[in-house]
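These notes are about the structure you will find just below.
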Amino acid sequence: MVIEVVHPSIVKSLLWPDESATQRFAQTLAGASALRNAFIELRGELGAGKTTLVRHLLHALGVAGRVKSPTYAVVEPYELPERQLNVWHFDFYRFSDPREWEDAGFRDIFASSGLKLAEWPEKAAGFLPRADLIFALNAVTETSRQVTLSAQTTVGQALLLAVSESPSEPLLQGAHDLPEAMP
């Protein structure tokens, strides 16, 4: 049994002025080695940009074609053989029956290797493992987004470090660390 040492979470805040900033961030995040087996929660109201972020991240990872929100299917799987990576994009907005968790095999998916991205995780809160990284997105204007990133594990901290130290984009310039007690 592996027990992770609990550290205070690290919180970073930033502003994406437009969708191209979201795309640049996703491209940088896609290059982080810690992403391979991460579980990322995406929180925010309808229209906050959760699916847009996922779409840009999946395209940066090599998914070709249309990336749709799995609102009705609950999960969309993606295989990236060139990266030897499986990605599951969940949308729990319509999730209501706890039996659906077991019946759909979600427990097995979360126990397997690969990247898991979950929109509306609060709808499945009692079933999900601890997220490595939480994105809280808020629409400031029609195009800009206030984003709070909260690293909940050492994997999440590694992801924040990777995007913070990216030479190609000063993504977290002016961001701040706020130690918090982990739940």
*Top mean-square fluctuation among THR153, THR28, THR71, Gaussian network model of the chain, C-alpha springs under 10 Å?*
THR71
*Considering every pair of different Cα atoms, what Kirkwood radius, in Å, is found for the stretch 10-171?*
15.8
*Using helices alone, what [θ] at 222 nm do you get for the chain, with -39,500 (n - 2.57) per DSSP H run of 4 or more residues, divided over all residues and rounded to the nearest 500?*
-7500 deg cm²/dmol
*Would you be so kind as to identify which of ALA60, PRO70, ASN138 lies farthest towards the positive end of the dipole of the chain, taking Lys and Arg as +1 and Asp and Glu as -1 on Cβ and the Cα centre as origin?*
ALA60
*Reported to two decimal places, what Rg/Rh ratio describes the stretch 13-80 when computed on Cα atoms with Rh from the Kirkwood expression?*
0.94
*So how far apart, in nm, are the two label points at ARG83 and ASP103 if each is 7 Å from Cα heading toward Cβ?*
3.2
*Of all DSSP beta bridges located in the chain, what percent are antiparallel, nearest 5?*
60
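Every read-out reported here was derived from the displayed coordinates using simple, explicitly stated rules and does not represent laboratory data. Note that the structure is predicted; figures quoted are calculated from it, not measured. A quick note on method: Cβ atoms are made from the backbone with ideal geometry, for glycine too, and the neighbour counts reach across all protein chains shown.
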